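So the structure is just underneath, and the comments pick up after that.
The values are calculated or read from the model by the stated rules, or taken from the named source; none is laboratory data. Predicted model only: the values in this text are computed from it and were never measured. Here the Cβ positions follow ideal geometry from the backbone for every residue, glycine too, while neighbour counts run over all protein chains shown. Side chains included, ligands, DNA and RNA excluded: accessible areas come from the protein's heavy atoms. Shrake-Rupley method; radii C 1.70, N 1.55, O 1.52, S 1.80 Å.
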Amino acid sequence: MEKLWPHKEGADALMLGAEFSQSLLLLSKSDNGILQLKNHFSAQEIALSDIAFLPHQETKLNNDLPILLFDTKDRAVWYIKLQENKLLKIGPISVVAPVYDSSWPYLIILVFIGLPIGLWSYFVWRDFERLRSMCENMNVPEDMNLGPGIHSILLPITDTLAAMQERIKRLLNSQKELTSSVSHEFRTPLARLKFAIAMMDYKGLNERSQKYINGMNYDIVELESLVTEMLNFAKMDRETPVLNIESVDLAELADNLIEKLSFNAHCAIRLISDDELLYDCDSHFLTRSIQNLIGNAVKYADKLVQVTLVSAQGKVLIKIEDDGPGIEESEWENVFKPFTRLDKSRDKKTGSFGLGLAIVSKIIQWHKGKCYLETAPLGGACFVIELPNISN
């Protein structure tokens, strides 16, 4: 590096001036020292009167100290007093290094250093992209292919992911077996109870006994519904289905849902939207999530449920709000958890199992969106579905 880029001003050489001058002085006082100086530095003896020195320079010479001066070409010249009227002139010596203004040395070093780093970075980036793509496109653990092909520093990470993949497979299989076994164990006694009730002789029953039997039938139906909903949620939580993405008019979809749900609703359902709002999504699953939220709002609304569709800033917002009792803000993060029932803010007589909002959240996650609550102008709960507007 020093040979490629020498110092333009010879700063290091000047910094050593005092030490170098002292070395020249000592050498001139030694045997054959003057001869060596003449051979190496073009030294010569001159008369003291040939040079006009300044007073302080004359003082240094009289004190037997060397003087460093520069000629018109910025070359260094040392003067050492030998006798009363004689001086030893050493030099001139150039202390300014040659100047290299070419950028080729920089480019050559950049190539030699940057090329290996660039190649190494490219292979690491390529493997990172492959790993990220595999993780993003994984619907179920079986879909992640961690076979050969990754040979960079990510190899230990892929080995760890492969071990984690096997562990997740075992956990999901255990969950699937447990859910199937529990549902089977539930349905078997329920079927026996239904059969036993159906075979009962109702002729000798009084009104009170008939009331108990009706209650038993209602409990059996409720348990069967719970088992079915648990199985559906377990399947949705375990794996992501292949979405049938197509362009859907959300305004028309919401209008059809409102028309269907308004038939038996005790409150009004109002839609606020543009005439057309196209969005690429799976219409079946998105319809299910919006229908769930509207139906949930109808249960708790007093007089009005409002559905608002907004497209702005690269997002599509679907807001469903009601004028019911609402949900405390401290519970907003809990409503999307499975089997969550907010008894303080919602009437338990509605008979839900706390899985509907969890299913909605799961469907929205499949569409790369999110679902949350915010303050409702109507005073009740306001559920918001936020979807990335990839259609634009």
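Taken over the range 351-378, the residue count meeting the criterion of being at pLDDT below 75, open to solvent by 20 Å² or more (accessible area, probe 1.4 Å) and either over 16 Å from Q291 (Cβ atoms) or basic (K, R) (or both) is 2. Kindly check whether there is at least one residue in the range 337-347 that is modelled with pLDDT of 80 or more, loosely packed, with under 14 Cβ neighbours inside 10 Å and more than 25 Å from the chain's Cα centre (by Cα). Taking every residue of the range 337-347 in turn, none turns out to be modelled with pLDDT of 80 or more, loosely packed, with under 14 Cβ neighbours inside 10 Å and more than 25 Å from the chain's Cα centre (by Cα).
Kindly indicate whether A297 is at pLDDT below 85 and either open to solvent by 20 Å² or more (accessible area, probe 1.4 Å) or not in a loop (DSSP other than H, G, I, E, B) (or both). Criteria not met by A297. Among residues that are closer than 24 Å to G379 by Cβ, surrounded by 20 or more Cβ atoms within 10 Å (Cβ to Cβ) and in contact with a helix residue (DSSP H, G or I) (Cβ under 6 Å, 6 or more places away or on another chain), S273 is not included.
Residue-wise test of (1) free of Cβ contacts under 8 Å to residues at least 12 places away in the same chain; (2) among the polar types (S, T, N, Q).
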site	(1), (2)
F263	yes, no
A268	no, no
S273	no, yes
D282	no, no
G295	no, no
K299	no, no
K303	no, no
L309	no, no
G314	no, no
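Whether any residue in the range 180-203 is within 40 Å of the chain's Cα centre (by Cα) and modelled with pLDDT of 75 or more is what I want to check. No: zero hits. Residue count for the range 62-77 satisfying the condition of being hydrophobic (A, V, I, L, M, F, W, C) and within 16 Å of A52 (Cβ to Cβ): 4. Do we have D249 as among the acidic types (D, E) and open to solvent by less than 40 Å² (accessible area, probe 1.4 Å) here? Yes.
The single residue among L110, L87 that is surrounded by 11 or more Cβ atoms within 10 Å (Cβ to Cβ), at pLDDT 80 or above, at negative phi and touching a helix residue (DSSP H, G or I) at 6+ places or on another chain (Cβ under 8 Å) turns out to be L87. Scanning the range 156-168 for residues that are touching a Pro at 6+ places or on another chain (Cβ under 7 Å) and modelled with pLDDT of 75 or more turns up just one, I168.
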